[in-house]
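Structure, as C-alpha cells:
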Amino acid sequence: MRDLFDGLPEFEPGWVWLVGAGPGDPGLVTLHGINALRQADVVVYDALVDGRILDHAPESAERIYAGKRGGRPSPTQRSISLRLIEMAKAGKRVLRLKGGDPFVFGRGGEEALELTRAGVPFRIVPGVTAGIGGLAYAGIPATHRDTNSSVTFITGHSVTGEVPDNLNWPALATGAPVIVLYMAVKHMARIAQKLIDGGRDPHDPVAFVSNAATDDMTVVESTLAEAGAAAEHVKAPAVIAIGPVVRLRSALDWIGRMEGRQLDPDPLDQAQDEAV
C-alpha cells in the first residue's frame, strides 16, 4: 500500500508552517498537518488544540504553549510572532499550530505578515474551521438548499474586546439568512439586541455549540430574543449559529442519534406549520 505521506512537502529548516488543527476532534487535522508535525523541531500551539494531536510530533520536538484565553495571563500576539521569527532564524522547523483554520479569526494572517516583514519563509496549511466543522458535529449545516444560499461569519468581539462597531448590523440582520458567530458568548445579549433592532425576527432560532467536536461538546438551543439569557448558561469556547439551519438539528443530530435521540425527518415542515 502506498504511503499517504509520499510526495508531501518537506519541512525545511528556517521555515514556519502555520497549521490549522481543526475544531476539536484530533481526527479532523489534515494529512498536511500531520506531515508537518512529524517533521517539526518546535511546535507552538494554542489553547484549543487537542493534546493528542501533539503526539504526532517527534519526542525531541520542543512544545511551546502560546494559548490566549479571556481573563487569564496570556502571551501577546507580538511576542508570539517575534518568537516564531527568532526560532526560524535559528534554523528550526517551526510549526505554529492553531485551532480551527489559521486564516478564520485565528490571527494567522497577522503572524504571516510579521514573517514576511522579517524575511522568514512560511507555508499555510488550512484547517477545518469551527464555524463549519463544529456546527456539523452538532448536526447543523452551515448551508442548506431549502434555507439559505449564503452564510455570514462574524467575530463577536473587536480588537478592543468589545462588540464590533464597524459592522452594518441592520444590513446583517436582514441580509444574512444564517449568521455564525465566533467568540461571542460574552456579548451575546448586545449582539442579539442589535440584530433585533436591525429588523431580525426575535423568534429566529439560535444554537450555542460549546467545545465543538470534542467529547465535552454541549449544545444549547434558544431564540434570538432569549439568546442573551441563554448565553449565561453557555461555557466558552463556543460557536453560535443564528438562522433557519438551526431547526435542521432535530433531523441531523447524528451524535444524538447514536446516543438514542429520535430524529425528526421533516424539521422544516414542522417549522412552517408552527409559523402559520
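The values are calculated or read from the model by the stated rules, or taken from the named source; none is laboratory data. Please read all numbers here as calculations on a predicted model, not as lab measurements. All Cβ positions, glycine included, derive from the backbone under ideal geometry; neighbour counts span all protein chains shown.
What do you reckon, is Pro13 modelled with pLDDT of 95 or more and farther than 20 Å from Val120 by Cβ?
On the way: modelled with pLDDT of 95 or more: yes; farther than 20 Å from Val120 by Cβ: no.
Here the answer is no, as Pro13 does not meet what is asked.
Quick check, is Gly20 among the small types (Gly, Ala, Ser), on the phi > 0 side of the Ramachandran plot and touching a helix residue (DSSP H, G or I) at 6+ places or on another chain (Cβ under 8 Å)? Steps first, answer last, please.
Values: among the small types (Gly, Ala, Ser): yes; on the phi > 0 side of the Ramachandran plot: no; touching a helix residue (DSSP H, G or I) at 6+ places or on another chain (Cβ under 8 Å): yes.
No: the conditions fail for Gly20.
For the range 214-225, indicate whether the set of residues that are buried (at least 22 other Cβ atoms within 10 Å of the Cβ) and touching an Asp or Glu at 6+ places or on another chain (Cβ under 7 Å) is non-empty. Steps first, please.
Start the filter on the range 214-225 by keeping residues that are buried (at least 22 other Cβ atoms within 10 Å of the Cβ), which leaves 219, 222, 224.
From what's left, touching an Asp or Glu at 6+ places or on another chain (Cβ under 7 Å): 224.
Yes, the conditions are met somewhere in the range 214-225.
Using the structure shown, decide if Gly139 is within 21 Å of the chain's Cα centre (by Cα) and not assigned by TED's automatic domain parsing to the domain that holds Val220.
Numbers: within 21 Å of the chain's Cα centre (by Cα): yes; not assigned by TED's automatic domain parsing to the domain that holds Val220: no.
No: the conditions fail for Gly139.
Does Glu162 qualify as being under 30 Å from Pro9 (Cα atoms), among the charged types (D, E, K, R) and without any contact (Cβ under 8 Å) to a residue 60 or more places away in the chain?
Working: under 30 Å from Pro9 (Cα atoms): no; among the charged types (D, E, K, R): yes; without any contact (Cβ under 8 Å) to a residue 60 or more places away in the chain: yes.
No, not satisfied.
Can you find a residue that is in the same structural domain as Gly109 (by TED's automatic domain parsing), touching a strand residue (DSSP E or B) at 6+ places or on another chain (Cβ under 7 Å) and more than 17 Å from Ile64 (Cα to Cα) anywhere in the range 15-27?
Yes - at least one qualifying residue is present in the range 15-27.
Six or more apart or on different chains, Cβ atoms under 6 Å: show the pairs whose first residue is in the range 100-111 and assigned by TED's automatic domain parsing to the domain that holds Leu84 and whose second is β-branched (Val, Ile, Thr) and in a loop (DSSP other than H, G, I, E, B).
These pairs meet every condition: Gly100/Thr129; Asp101/Thr129; Val104/Thr129.
Which one of the conditions (1) more than 24 Å from Leu252 (Cα to Cα); (2) of a type in the set (Asp, Glu); (3) at pLDDT 95 or above does Asp204 fail to meet, given that it meets all the rest?
(1)
Just the residues that are under 28 Å from Val245 (Cα atoms), assigned to a helix (DSSP H, G or I) and of a type in the set (A, V, I, L, M, F, W, C), please, taken from the range 112-136.
Step one: of the range 112-136, the residues under 28 Å from Val245 (Cα atoms) are 126-136.
With assigned to a helix (DSSP H, G or I) added as a condition, the list becomes 130-136.
Scanning the range 112-136 gives Ala130, Ile132, Leu135, Ala136.
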